[in-house]
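Shown next, in structure tokens, is the structure this report addresses.
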Amino acid sequence: MPVPTEELKLEIVNAATGKTLVAETAPGRGETLVVRELPEDGPSPEQWQIVPVPSAQDEQVYVIRNAVSGKVLDQPAADGGVRQEDAADNKKSQQWRVVPVEGEAGLCFIESAAGDVALDLGGPDENTAPVVLRTYDEEAESQRWRLVPAEPERVADPALRWVSLDHWNGRRSWRLNRSAALRPVPGATPSFSDMLLVLDRFGSTPDAGAWKSEGAAPSPDGRPGWWAGLGARFLADTTGGGRAEVIGLKPAKGAVAAAARGDGTFEDEERVLHRPAPSSSHSDLWTLADVTGGGEPAVVVLAADGVRVSPRGEDGTFEPVSGESALKAFGHGEKAGGWLVDKHPRFLADTTGDGRLDVVGCHDDGVWISLQDEDGTFAEPLYVLDDFGTDQGWASADEHPRFLAKTTGDGTPDVVGFGPHGVVVARGLGDGTFASSKLVLNDFGTAQGWTAEKHLRCLADVTGDGNPDIVGFGDEGVWVSHNLGDGTFDQARLVCRGFGYGDAAGAWRVGRQPRFLADVTGDGRVDIVGFGGPGVYVARNLYRRFRTR
């Protein structure tokens, strides 16, 4: 995983002791550095910034700067202690290599660029240990350090709320509360209505169908490129008309759908879209995508022998999967690569700009891609990036979700991952390859409290400006970090007090109650859709479509 650099403020913690790196004034020796356990009611830990240094060398070196004083880590000329001094241009003793520990996410060695020595601990007393330089030893626990980002700033904007109105004839309708937030202003935060139960089916309770997912969940933003297993429920546009329908995968019937009415509700009638193949298994994964760029969606299945494609027929249903696979790779069988649902995310995306979807996957060693040719066939997979795999610390598809999306609104898709420190992006280069990954936001990572057991994280264009925003279903509700248009992101804001893990936000649970962002009205902006116990809930996107009556 990439080194968190420049704009991020970090605490530097020794992995062997759990104590924090701080500066300590010593007579005649300037400000020496020690590790110390800080009391809860004591001073705040020192915060540091890691700044890349332009270098003619092949490897990247950094200056480690105190975020408050501006002083930097310096290697002493005489004793073995490390201290902080005023920064000097191109001073070799102030330059460091930050080397990730192989197989240990979030841990690194901090080595001097002036010699083969690394930050280590001297003889500790009960509470404090001096920081010294010793010969680099990859087995030494005391030479391993954890870079902990400071808590990100978040804003709890008031969410717009609905009021229930009862009528004399027993009918019920809703209206928005009067609020200053109803007045749209330039740069206003998009807000969502309260969630409403719009369909009493596809839920987890017995009365709503007792649905239970058995495989991977599809992408929470409702777009093609992620995959669904038996029992999964999600949103997809099956016709290309701009409205997402409710889709469910039943073991006996296959894929069934409930059509969207255009007002945020769905038809009660359930129609069969795609019947399962006789050879299908519980390990197969299913998605819906326009593979060729011709405007017609097709069913794509990741089967044991690879990738299979079923075109859409004239009656609106999809032909059963049969015959040979379109690509003998990216499948769960050994001959197709042994891709595992819980470890190896796979995607469909146009990585070259030719209008055809390619197959991209994150295996143990990194990112692989199979480009689609003009005749609709797929080339042999190529290894294109040594990141985003289990070997680089991306332990599971749930703990560290990964996506392919155009983070700048133009060009080709980038790889976006939610790592330990936050959001990591590797820019697409337009030829099926990717640049080195960089950390772009210190939020939505495990270091900021986001876990696979409690929270969903995804990308979706919430504002309708063409740039995907970061969306997280947290404890309090739904948080959005706006894309600033250049692939970077603003601080997160709370936009809906529902669909969250906390009791006040509905007590939604990962695995049992999937949640998505999809346009169910056809107005061009994504709404929040959740599959709760009683059925399907929707919170309408109210951005620049405000009504007071």
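The values are calculated or read from the model by the stated rules, or taken from the named source; none is laboratory data. In this text, all values refer to a predicted model and were calculated from it rather than measured experimentally. Using ideal geometry, Cβ is built from the backbone for each residue, glycine included, and neighbour counts are taken over all protein chains shown. These accessible areas exclude ligands, DNA and RNA; they are computed on the full protein's heavy atoms, side chains included. Shrake-Rupley method; radii C 1.70, N 1.55, O 1.52, S 1.80 Å.
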Using the Kirkwood radius built from alpha carbon pairs, what does the Stokes-Einstein equation give as D for the stretch 381-436 at 25 °C and 0.890 mPa s, in µm² per second?
209
Scaled to the compact-protein estimate 2.2 N^0.38 Å, what is the alpha-carbon radius of gyration of the stretch 340-493, rounded to two decimal places?
1.01
Once amide H atoms are built 1.01 Å from N in the peptide plane, which residues 5 or more positions from Ala232, or in another chain, come under 5 Å H to H?
Glu214, Gly215, Leu249
If you roll a 1.4 Å probe over the chain with all protein chains in place, what percent of the accessible area is carbon or sulfur?
47
The stretch 436-466-the stretch 271-345 distance, computed between alpha-carbon centres (Å)
28
Under the rule of at least 5 residues apart or a separate chain, name every residue whose amide H is placed under 5 Å from the amide H of Leu273.
Ala255, Val256, Ala257
Which residue, chosen from Thr135, Gly81, Ile528, occupies the Cα position most advanced towards the positive end of the dipole of the chain, where the dipole is computed from +1 (Lys, Arg) and -1 (Asp, Glu) charges on Cβ about the Cα centre?
Ile528
Cα pair distances in the stretch 290-423, grouped into 5 Å bins until the bin that holds the longest one, percent each:
2, 10, 18, 22, 20, 15, 8, 3, 1, 0
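Within the stretch 308-388, report the GluC sites (Glu not before Pro) that DSSP leaves as loop and that have at most 15 other Cβ atoms within 10 Å.
Working: sites: Glu314, Glu324, Glu334, Glu374; in loops: Glu314, Glu324, Glu374.
Qualifying residues, ordered by number: Glu314, Glu324, Glu374.
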Distance cut-off 21 Å, Cα to Cα: go down the list Lys212/Lys253; Lys19/Lys454; Lys9/Lys454; Lys335/Lys406 and report the pairs above it.
Lys19/Lys454; Lys9/Lys454; Lys335/Lys406
Under a point-charge model restricted to the Cβ atoms of Lys and Arg (+1) and Asp and Glu (-1), what is the dipole moment magnitude of the chain relative to its Cα centre, in debye to the nearest 20?
2440
Just the number please: accessible area per residue for the chain, 1.4 Å probe, all protein chains included, in Å².
44
Across 10 Å bins from 0, what is the distribution of all Cα-Cα pair distances for the stretch 252-321, in whole percents?
18, 47, 29, 6, 0
Quote the charge dipole size of the stretch 266-418 about the Cα centre in Debye, to the nearest 20; the model charges only the Cβ of Lys and Arg (+1) and of Asp and Glu (-1).
240
What Kirkwood Rh does the stretch 469-549 have if only Cα atoms enter the pairwise 1/r average? Answer in Å.
13.6
Got a sec? Which residues in the stretch 403-430 would a label at Leu484 touch, if it sits 7 Å along Cα→Cβ and we count backbone N under 16 Å?
407-409, 423-425
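Between Ser69 and Lys454, what FRET efficiency follows from the Cβ-Cβ distance if R0 is 25 Å, with the result rounded to 0.05?
Between Ser69 and Lys454 the formula returns 0.10.
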When only alpha-carbon atoms are used, what values of Rg and Dmax, in angstrom, describe the stretch 224-353?
14.5, 47
Considering the convex hull of the alpha carbon atoms of the stretch 426-526, report its projected area averaged over all viewing directions, in nm², one decimal.
7.8
Surrounding net charge for Gly533, when Lys and Arg each add one and Asp and Glu each subtract one, Cβ distance under 15 Å:
+3
From the phi of every residue in the stretch 439-449, what ³J(HN,Hα) in whole Hz does the Karplus formula 6.51 cos²θ - 1.76 cosθ + 1.60 yield, where θ is phi - 60° and glycine or proline is x?
7, 10, 7, 8, 7, 6, x, 5, 5, 9, x
